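J.: Structure incoming, see below.
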Ligand code: SF4
């Protein structure tokens, strides 16, 4: 399965915890759209005529794009790629950048899945995170999306915020369940040193994240989503039956994807490419030169490590037969030898030839994955 990711690097302002490539300015959106259109044509052969099942507008804040630009981008993609007759087309939105009319227009253009950056339904948490919207605004947007008949909606929530007590986290989940939305992405707050949040915590102006509290929030999350019939199909992702993100599943299943826009990554099964994370340079180079991206040819070790890292995050896990078939017996033997201690400790479980993390093991996913790297 193949997908196309479009990175839209504009936001109204920078959230305190944000570590993505995004600029707190909308002044160059028009130039960006022109550069993106050039890049679409320049890279039209990247997926080698294989059918594209998903298109994902991520950011940044894609809901800042004018609807006419979304339309132009989608038309150009359809003209230059073999797009499935009924692709999953997702657009990330922030509550303060969209109204019902814009939602309706996006839907008419074929956008059929909305990813809403809610983060918390409590204003003090939103203030801590430096988000622009408040809780009432978030609820209004969810209501509007339903009235416009978006049936595929996913929410982003963040836990581990120092202002978020266990009771409040429970309440956040209650509100989420009450919306009837069928997909949730929930992330632990991570504080990167160069972010506004990292600097404020360093200076002692904001409270630090408490790891034990974050683990408790995670346990509540796992328990409550299970009670409500959600499948925990990736460490940070929960879905009702048939409602998994097709696009993100491509990343986790070794699928190919083309990333367009500054800082976007691409993967074709043989190499990785990443676009320049600088808007001025992107505007100059996109669609004109290979200097717009860097490229790394993957070794067999890289591919095996990548497979272990991504598949271990999923509920279907790592398949040892697939390791033997795709990478060789040496890799399968190495995996089996090293995975043993995690099976014995109960951090990993086995189903046929699939090895996957138990709920407890998921807390240590990164460490376990790197221990299984060659
Ligand atoms: S809206 Fe998203 S991309 Fe933009 S600043 Fe906030 S976290 Fe970063």
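The values are calculated or read from the model by the stated rules, or taken from the named source; none is laboratory data. Values in this document were obtained by computation on a predicted structure and should not be read as measured data. Neighbour counts run over all protein chains shown; Cβ positions are idealised from the backbone, glycine included.
J.: Among the candidates 20, 81, 57, single out the residue that is at pLDDT 95 or above and more than 20 Å from residue 154 (Cβ to Cβ). Even if it seems obvious, please write down each step before you answer.
T.: Details: 20 fails: more than 20 Å from residue 154 (Cβ to Cβ); 57 fails: more than 20 Å from residue 154 (Cβ to Cβ).
Going through 20, 81, 57 in turn, the sole match is 81.
J.: So which residues in region 157-183 are under 19 Å from the mean Cα position of the chain (by Cα) and within 21 Å of residue 241 (Cβ to Cβ), if there are any at all?
T.: Step one: of region 157-183, the residues under 19 Å from the mean Cα position of the chain (by Cα) are 157-160, 176, 181-183.
The answer is 157, 176, 181, 182, 183.
Condition check ((1) assigned to a strand (DSSP E or B); (2) within 16 Å of the ligand (Cβ to nearest atom); (3) within 17 Å of residue 63 (Cα to Cα); (4) touching a strand residue (DSSP E or B) at 6+ places or on another chain (Cβ under 6 Å)) across all residues:
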residue: 111; (1), (2), (3), (4): no, no, yes, yes
residue: 114; (1), (2), (3), (4): yes, yes, yes, yes
residue: 118; (1), (2), (3), (4): yes, yes, yes, yes
residue: 124; (1), (2), (3), (4): no, no, no, no
residue: 128; (1), (2), (3), (4): no, yes, no, no
residue: 133; (1), (2), (3), (4): no, yes, yes, no
residue: 136; (1), (2), (3), (4): no, no, no, no
residue: 140; (1), (2), (3), (4): no, no, yes, no
residue: 149; (1), (2), (3), (4): no, no, no, no
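J.: In this structure, does residue 177 turn out to be within 23 Å of residue 348 (Cα to Cα) and without any contact (Cβ under 8 Å) to a residue 60 or more places away in the chain?
T.: Here the answer is no, as residue 177 does not meet what is asked.
Matching residues to (1) at pLDDT 95 or above; (2) within 23 Å of the chain's Cα centre (by Cα); (3) under 23 Å from residue 72 (Cα atoms):
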site: 100; (1), (2), (3): yes, no, yes
site: 112; (1), (2), (3): yes, yes, yes
site: 121; (1), (2), (3): yes, yes, no
site: 147; (1), (2), (3): yes, no, no
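J.: Based on this model, can you work out whether residue 160 counts as in contact with a strand residue (DSSP E or B) (Cβ under 6 Å, 6 or more places away or on another chain) and on the phi > 0 side of the Ramachandran plot?
T.: yes
J.: So, restricting to strands (runs of 3 or more DSSP E) that lie completely within region 193-300, which ones have at least 2 residues that are crowded, with 16+ Cβ neighbours inside 10 Å, at pLDDT 95 or above and not assigned by TED's automatic domain parsing to the domain that holds residue 88? Reasoning before the result, please.
T.: Details: elements: 231-234, 237-239, 256-260, 265-267, 271-275, 293-297.
Output list reads 256-260, 265-267, 271-275.
J.: Could you tell me which numbered condition residue 161 fails, if it satisfies all but one of (1) part of a loop (DSSP other than H, G, I, E, B); (2) within 16 Å of the ligand (Cβ to nearest atom); (3) surrounded by fewer than 19 Cβ atoms within 10 Å (Cβ to Cβ)?
T.: (3)
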